Amino acid sequence: MGSTATPNVSSLSLSSETQYRCCWYCSRGEEALPTKLQKCGRCGLAVYCNRECQRGDWKLHKAKCKRLTEIVVDTDAKNRLRSGALKRRLLTLSQGTIILTIRDPDITTIGDMNLTEERVHEAPFLDCKSLLRVDLKGCTKLASVGNGAFAACSSLTSVVLPDSLTQVGENAFQDCTSLTSVVLPDSLTQLGNFAFGRCTSLTSVVLPDSLTQLGVAAFGKCTSLTSVVIPDSLTQLGDGAFEDCTSLTSVVLPESLTQLGKAAFQYCSSLTSMVLPDSLTQLGERAFGCCTSLTSVVLPDSLTQICKAAFGGCTSLTSVVFQDSLTEIGKWAFQECTSLTSVVLPDSLTQLGKAAFLGCTSLTSVVLPDSLTQLDRNAFQECTSLTSVVLPDSLTQLSDAVFFECSSLTSVVLPDSLTHIRDSAFQDCTSLTSVVLPDSLTQLGDRAFGWCISLTSVVLPDSLTQLSEGVFCNCTSLTYVVMPDSAELGDDVFMDCNALVDKAALAGFNSVEPYLRDRYISITLRKLVLRLLRKYNQAVNNAYGTEAEKHVSALAQFPADDSGSLEVGLFLQKMIVSGGDGVKGLVGYILKFV
Ligand SMILES: [Zn+2]
Ligand SMILES: [Zn+2]
């Protein structure tokens, strides 16, 4: 047989025992069938399990049936591949008409595992659109299919690989957009980067137990892939391994897996649930980003860190179970998880990254653990359903815009440890009616409470040294403010606080600041009142039960006599009346004294 002029052996009957035959429709191998495969009567090449399979394939096969040609390479495959002779011939033939069988028992590699991207045109079958089916079963010593070997063979529907194969190189089958299924032999240890990338017709793949390495985006953009089982032999999944597999509904991860690479399942928009193995210690960034059908996830107790944007844009995610092993939630980790309604963060958590829950518009409640020392900027920005939040004593500052635009937030309990509330921390919290700032606070950042249009009263502590620009700007309902004279005022602190401006004008002041300063000086009982308020708030926070029960138990801690300069008896009586109204009622009551 000449090295270039391979005859069209369409009538050649292959009888070699190394020839592997399987149904052209369902891909079942002859060995798995009760009867022999039946040949198509017209071309004598296509084989099927039964009439149903033949009928199923006919729509596709009809156009090619009589034009099919079989090319068999029995010997000297190495030279014919290297010289490019076979490729040159394949490039002249019509699309999807060639059945190629290579059965050279001496060949160990097809293509080159070290082929660089610049030399990819040398890959033996690159862009051979004439290939319909390839059978390498007879290459009994074949160990590797090199980089780009069959890339862009866009008509290739089936590849049969020999049991000797250990490596599939980078891009080896990338863009084989007609490939529907592939059986990887049990000898395979390594699948290179992009090996089956953009094989958009691939519906299923079985990864063998021998596999130890799955490269970057190995199955990226396999948009028809519905299920995958990852074998026990793998400890990590490469970056983007199954990224953009938009039909993937079922994934089984083994207990051996410790790392999920970056974007491993990003944009897998059909994935509904995910069980992560107990072996997993790290979830790469964007690992499940924009998995828009994912509804629930249970995180394993081996996990210490959730990397950035790991679940960002998972718009159907309603429930996440965190374990006590977790210490860090990275930035954007749950950004725009718009179905997430409640979150209980574990007692092990120390850091919550920037914008971690930004735009979680269904989140109504969140419990922050006492272990938390850092709450980064924008952490709960635009959580427009969040009604209340209790911040732990471990926090010393609230970062920029941390609750920005939480338009349903009516109540917030700030810890005694807090020294700084940074810029825009509560800006546009349009439902917030009152806030008690702790005695530890020294600084309020720019617009910290700007546009809190429902805020009516605020008591600023003596510890406060700085009120930055526009802290209360556009708080149009703000009427009562207790402001210490120690505080340095930035520009426009009370800009457009219409109610307060009117009050100041009525008292004969042409701006708010001197009016408040003047008022403050006249407050004689201020310190006692604030001390009582403080003590009472602490007692409420430390109590258990319903809101009303907390107030009753807090009141029990106050002496029921009329001692002291303040009318404590009256104070207590008023408190019982306003008990159900909580801090708001208390502040309203105390402000009658100031
Ligand atoms: Zn079949
Ligand atoms: Zn036929």
Answer residue from the range 415-434, given it is crowded, with 22+ Cβ neighbours inside 10 Å and hydrophobic (A, V, I, L, M, F, W, C) and is modelled with the lowest pLDDT among those: 432
Within the range 17-51, tally of residues that are more than 16 Å from ligand 2 (Cβ to nearest atom), within 12 Å of residue 160 (Cβ to Cβ) and part of a loop (DSSP other than H, G, I, E, B): 4
Within the range 374-394, considering residues that are in contact with a strand residue (DSSP E or B) (Cβ under 6 Å, 6 or more places away or on another chain) and not aliphatic (A, V, I, L, M), the one surrounded by the fewest Cβ atoms within 10 Å (Cβ to Cβ): 388
Condition broken by residue 264, with the remaining ones in (1) crowded, with 21+ Cβ neighbours inside 10 Å; (2) closer than 22 Å to residue 380 by Cβ satisfied: (2)
Residue, nearest to residue 132 (Cα to Cα), within the range 35-45, restricted to residues that are buried (at least 16 other Cβ atoms within 10 Å of the Cβ) and more than 11 Å from ligand 1 (Cβ to nearest atom): 45
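From 417, 457, which residue is farther than 23 Å from residue 511 by Cβ and hydroxyl-bearing (Ser, Thr, Tyr)?
Working: 457 fails: farther than 23 Å from residue 511 by Cβ.
After applying the criteria, what remains is 417.
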Any pair with Cβ under 8 angstrom, 6 or more apart, that starts in the range 58-69 at a residue that is more than 12 Å from residue 133 (Cα to Cα) and in contact (Cβ under 8 Å) with a residue 60 or more places away in the chain and ends at one that is among the aliphatic types (A, V, I, L, M) and away from ligand 1 (no atom under 16 Å from the Cβ): 64/132
Qualifying residue in the range 360-373 (condition: farther than 23 Å from residue 476 by Cβ and surrounded by 22 or more Cβ atoms within 10 Å (Cβ to Cβ)): yes
Residues (surrounded by fewer than 19 Cβ atoms within 10 Å (Cβ to Cβ), part of a loop (DSSP other than H, G, I, E, B) and at pLDDT below 95) located in the range 281-294: 281
The listed residue being free of Cβ contacts under 8 Å to residues at least 60 places away in the same chain, among the aromatic types (Phe, Trp, Tyr), touching a Ser or Thr at 6+ places or on another chain (Cβ under 9 Å) and at negative phi, out of 380, 426, 404: 404
Selection status of residue 67, of a type outside the set (A, V, I, L, M) and either more than 16 Å from ligand 2 (Cβ to nearest atom) or within 44 Å of the chain's Cα centre (by Cα) (or both): no
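How many residues, within the range 240-281, are in contact with a Pro (Cβ under 8 Å, 6 or more places away or on another chain) and not polar (S, T, N, Q)?
8
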Of the criteria (1) within 16 Å of ligand 1 (Cβ to nearest atom); (2) at pLDDT 90 or above; (3) farther than 17 Å from residue 100 by Cβ, which one residue 29 fails: (2)
Lone unmet requirement of (1) within 16 Å of ligand 2 (Cβ to nearest atom); (2) at pLDDT below 90 for residue 75: (1)
Residue 343 under 30 Å from residue 280 (Cα atoms) and outside any loop (DSSP other than H, G, I, E, B): yes
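The values are calculated or read from the model by the stated rules, or taken from the named source; none is laboratory data. Please read all numbers here as calculations on a predicted model, not as lab measurements. Positions of Cβ are backbone-derived with ideal geometry, glycine not excepted, and every protein chain shown enters the neighbour counts.
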